[in-house]
There are 2 protein chains.
Amino acid sequence: MTAYTKLSDTEKEQLLTELRQPYDAFAAQQLNLDMTRGKPSTQQLDLANDLLTMDGFTDSAGTDCRNYGGLDGLPAMKALFSEIIEAPAENIIVGGNSSLTLMYDTLARASLFGVSEEASPWHGQAIKFLCPSPGYDRHFTVSQSLGFESVHVEMTDSGPDMDPLETLVAQDASIKGIWCVPKYSNPTGIRYTDEVVDRLASMKTAADDFRIMWDNAYAEHYFRGELDSVKEILAACATAANPDRAYVFASTSKMSFAGSGVSAFASSANNVSFAKKYISAQSIGPDKVNQLRHLALFPDLTILRDHMRKHAVLLGPKFARVDQILHEELAEIDIARWTKPRGGYFTSLDLNTGSAKRTIELSAKLGVKLTAAGAPFPNGVDPQDCNIRIAPSFPELADIETAIRVLCLCAKLATLEAWRSKLNQ
Amino acid sequence: MTAYTKLSDTEKEQLLTELRQPYDAFAAQQLNLDMTRGKPSTQQLDLANDLLTMDGFTDSAGTDCRNYGGLDGLPAMKALFSEIIEAPAENIIVGGNSSLTLMYDTLARASLFGVSEEASPWHGQAIKFLCPSPGYDRHFTVSQSLGFESVHVEMTDSGPDMDPLETLVAQDASIKGIWCVPKYSNPTGIRYTDEVVDRLASMKTAADDFRIMWDNAYAEHYFRGELDSVKEILAACATAANPDRAYVFASTSKMSFAGSGVSAFASSANNVSFAKKYISAQSIGPDKVNQLRHLALFPDLTILRDHMRKHAVLLGPKFARVDQILHEELAEIDIARWTKPRGGYFTSLDLNTGSAKRTIELSAKLGVKLTAAGAPFPNGVDPQDCNIRIAPSFPELADIETAIRVLCLCAKLATLEAWRSKLNQ
């Protein structure tokens, strides 16, 4: 195989014709494969089936968890999240089954009431939010749904591209925040370096009420090598004399049952007390019985990490297979580069400019559903039309292999089509 | 015993001295009883202990409930709530463990985005909300927390006092809504009559975006006689050509586990589709495993009603005992009147004007905690200072008897003290 760039026009034309045959062969298989979302597999969910039964209903303090009461979570649940998030337990609020809801509610509160007693509500102002991309589509949907304009910032291998970012936030007081997935970032799998964390914590912002939405969604979710660590943002902000700058989120969603886990919010004492004032009107308290179930499954961080190793055993081979097929199909022809994540839920594939949408379209025709083109970018528009998010966690290995072969075939076709269409212009 | 009003000044003075003795006797007991909140007893919670174990994790449609997905609830859960709420299943959104959160979120959405695509956001406007009282303190806290001014409306035995209410809403466009607990109302236990329901549904409102917050918290919660029925508000609004006027809420909180139940929102197709647009940004979906647990416990309305009969067996004697003690202590001396509820969680006691706060204070000194004076009124202020909310569901019968005897003694003392203080003026 030769790099496509080194092929003559005739050779490319011939290749386009030749690829018709494997395309038709896949079409005949009438595939129906879904690689759209990063959700755990059945085998991963099975690891947590002890959640389905429980022996009692009182926690270690003797509280009957079935009844009303307790705004911010069971003490033991706060203690566990305190270890995961590396923040004091008293600065943690336990939520319901969705950390996304905690993030939405946090920004909805900033809209309605501001971020503190002194700050102005964001509602009615023109608010912008920084969206390092490729990033997590649902984050961008949250801020856009609240009427905030998304501002694209380039994602690098060490975190958001800090030089232009610092210039932006220093100049524009309408920029009120940024979305971050600091570890095994969605979808590129990168880890924020200590330098990036410190610069985020200490940078000068034109807005007094600038906030970092720190979604530590994959805090414990590695599948290759050892668990990576990321510098803790709340302490970094405190050190930088910006103690109230960061809101931290985590959940057990991809540790236990994805739709029925436990979420948590952590921040400075000021921010937590401000949030509680409103949460006490919004809720009588989160589901304590579900917290108790989780505490039986994860009595401490050591046992939780043993559990995550079992996830790694299931996830590792899937990501390795993705990498292997991408390598076999695309390495020599040199039309793509892709990430080799050590954790998280995605492999991020970059094709030539202008080829992603068509690749996804062709794959869909062959029965392989991929995340919509542009999804990891604000407003769903990939400026280069080159990025494809691959989510291999749910399907079986054999299906992953088929889906990635289809994806690679379609990437080749889309690349060659783009070349021809340019030629004919 | 004679009615206090018929006693001479000397007799009243003598009585005050005599009552010192039982007061000291109670003080010597160092009681510690809590009658503050309407929460189920341990025996009631035990009725639902089958929730602690489950056999499978797929619903009748074959969905693996452990994984992500499903914004508005399992079809079977929607079907069950459809029977409880008497609304079409497609107009129901299943929520998390708290209907209060659904209410808060509904009003927060109205604040941020208005109640429809055409309507203006409430945020930034001076908004008023009607609070029929005595009513539910947490309702009033929700609207007050969102910055809405509470407007007191008198509660009658058939619902809110409709004549002045209709005048208010017809004149004042800043009145955007009303709080209602239509069945076994908190705390008076009354049921809205069909006429009240029809008048609420059809009344002319100066605000186009007027909304009824219809918290059917006690839809199935009777303990005396047969289950009462209340005219269904969504159909009444549709008939009155105000199809989008009502938001309906219900939950299993006081059917299963109070802190770990399942909640639901129902409204017109328009309102539900408008709400879903924002909920889809706020959440990936409610806890389906918990819905499945509840469907195993309550596969249909008949079985749910059998279950509620068991609650009635536990609750009925407690309310009967409250009534009996109040009767023994207060009937002949004629210093109070109280409700005789057929369902719900409260007995509402009205003393003479200016005696409630002092009664609660004296009871607290004797170790009997009662709901704070004024709690059932907007801003926590009972204009007559006469109302006391009694919540007998949680304590044991013997404790209820003691607590109510203490309450009655303190009511007598407070009444006599008020008389003396008037005399000395």
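The values are calculated or read from the model by the stated rules, or taken from the named source; none is laboratory data. Note that this is a predicted model, so its numbers are computed, not measured. Every residue, glycine among them, receives a Cβ derived from its backbone with ideal geometry; neighbour counts consider all protein chains shown. What goes into the accessible areas is simple: the full protein's heavy atoms, side chains included, and nothing from ligands, DNA or RNA. Shrake-Rupley method; radii C 1.70, N 1.55, O 1.52, S 1.80 Å.
Over what distance in Å are the Cα centres of the stretch B:195-225 and the stretch A:377-425 separated? Rounded to whole Å, the Cα centres lie 54 Å apart. Taking the centroid of alpha carbons for each part, the stretch A:306-350 and the stretch A:34-90 are 29 Å apart. When the accessible areas of A alone and B alone are added and the area of the pair subtracted, with a 1.4 Å probe, the result is around 4400 Å², both sides summed.
Note that the stretch B:1-154 presents 44 Å² accessible area per residue, ligands and nucleic acids not counted, probe 1.4 Å. Between A:V153 and A:C131, A:S133, the built amide H atoms are under 5 Å apart, and every one of these is 5 or more places off in sequence or on another chain.
Using a simple spin-label model with pseudo-atoms 7 Å out from Cα toward Cβ, B:L71 and B:T156 lie 4.2 nm apart. What a 1.4 Å probe finds exposed on the stretch B:383-425 is 50% carbon and sulfur by accessible area, rounded to a whole percent. Per residue, the solvent-accessible area of the stretch A:294-346 (1.4 Å probe, heavy atoms of protein chains only, all protein chains present) comes to 45 Å². Coupling constants for the stretch A:296-310 follow from the phi torsions by the Karplus curve (6.51 cos²θ - 1.76 cosθ + 1.60, θ = phi - 60°), and in residue order they are 5, 6, 10, x, 7, 5, 4, 5, 4, 6, 4, 4, 5, 5, 5 Hz; glycine and proline get x. Highest GNM mean-square fluctuation among A:I325, A:I92, A:I190, for chain A modelled with Cα contacts below 10 Å: A:I325. Summarising the amide proton neighbourhood of A:V368: residues at separation of 5 or more, or on other chains, whose placed amide H is nearer than 5 Å comprise A:L33. Kindly tabulate the residues in the stretch B:270-289 with an accessible-area decrease of at least 40 Å² between the chain alone and the assembly of all protein chains, using a probe of 1.4 Å. Residues meeting the cut-off: B:A281, B:Q282, B:I284, B:D287. In this simple spin-label model, placing a label point 7 Å from the Cα along the Cα-to-Cβ direction at both B:N270 and A:D34 gives a separation of 3.4 nm.
A point 7 Å from Cα along Cα→Cβ stands in for A:S202, and the other copies hold the same point at 7.2 nm, listed in rising order.
Residue-wise HN-Hα couplings along the stretch B:20-26, as the Karplus relation 6.51 cos²θ - 1.76 cosθ + 1.60 with θ = phi - 60° gives them from phi, are 4, 5, x, 4, 5, 5, 5 Hz; Gly and Pro carry x. Legend: mean number of C-beta atoms from other chains within 10 angstrom of residue C-beta atoms, peptide B:51-57, equals 5. Between helix B:75-85 and chain B there is an angle of about 40 degrees, using the helix long axis and the longest principal axis of the Cα atoms. Close amide H contacts of B:K128 (hydrogens built in the peptide plane, cut-off under 5 Å, sequence separation of 5 or more or a different chain): B:E149, B:I175, B:K176. Running a GNM on chain A with Cα contacts under 10 Å, which residue among A:T106, A:T353, A:T302 ends up with the highest mean-square fluctuation? Fluctuation is largest for A:T302. Here the accessible area is traced with a 1.4 Å probe on the protein chains. For the stretch B:125-206, carbon and sulfur cover 46 percent of it. For B:G147, the label point sits 7 Å beyond Cα toward Cβ; its separations from the matching points on the remaining copies run 1.0 nm, from shortest to longest. Taking the C-alpha atoms only, the angle from helix B:9-18 to the longest principal axis of chain B is near 70 degrees. With label points set 7 Å from Cα along Cα→Cβ, the inter-copy distances at A:A126 are 3.0 nm, sorted shortest first. Take each residue of peptide B:144-152, count the partner chain Cβ atoms within 10 Å of its Cβ, and average: the result is 2.
Of the GluC sites (Glu not before Pro) in the stretch B:276-371, the ones in a loop by DSSP (not H, G, I, E or B) with at most 13 other beta carbons within 10 Å are B:E332. Taking a point 7 Å from the Cα of B:A238 along the Cα-to-Cβ direction, the residues of the stretch B:55-95 with backbone N closer than 13 Å to it are B:86-92.
Sketch the reach of a paramagnetic label on A:D46 as a point 7 Å from Cα along Cα-to-Cβ, and name the residues of the stretch A:286-312 whose backbone nitrogen lies under 15 Å away. Flagged as within label range: A:310-312.
For the stretch B:1-112, the carbon plus sulfur part of the accessible surface works out to 49%, probe radius 1.4 Å.
Rounded to a whole number, what is D in µm²/s for the stretch A:278-425 from Stokes-Einstein with the Kirkwood radius over alpha-carbon pairs (25 °C, 0.890 mPa s)? In µm²/s, the coefficient is 138. Highest average first, the peptides B:129-136, A:38-45, B:10-17 ordered by how many other beta carbon atoms sit within 10 Å of their residues are B:129-136, A:38-45, B:10-17. Karplus-based coupling profile of the stretch A:148-154, in residue order and whole Hz: 7, 6, 7, 10, 6, 10, 5, with θ = phi - 60° in 6.51 cos²θ - 1.76 cosθ + 1.60 and x standing for Gly or Pro.
Computed from the Cβ-Cβ distance with R0 of 35 Å, the FRET efficiency linking A:K369 to B:A173 stands at 0.10.
Relative protection proxy for B:154-164, A:267-277, B:171-181, A:362-372, from highest mean packing down: B:171-181, A:362-372, A:267-277, B:154-164 (other beta-carbon atoms within 10 angstrom). Contact residues in the stretch B:59-80 by the 30 Å² criterion (accessible area, 1.4 Å probe, full protein complex versus chain alone): B:R66, B:N67, B:Y68.
The stretch between A:R321 and A:A25 holds 104.4 nm of extra length on full extension. This uses 0.36 nm per residue minus the Cα-Cα distance.
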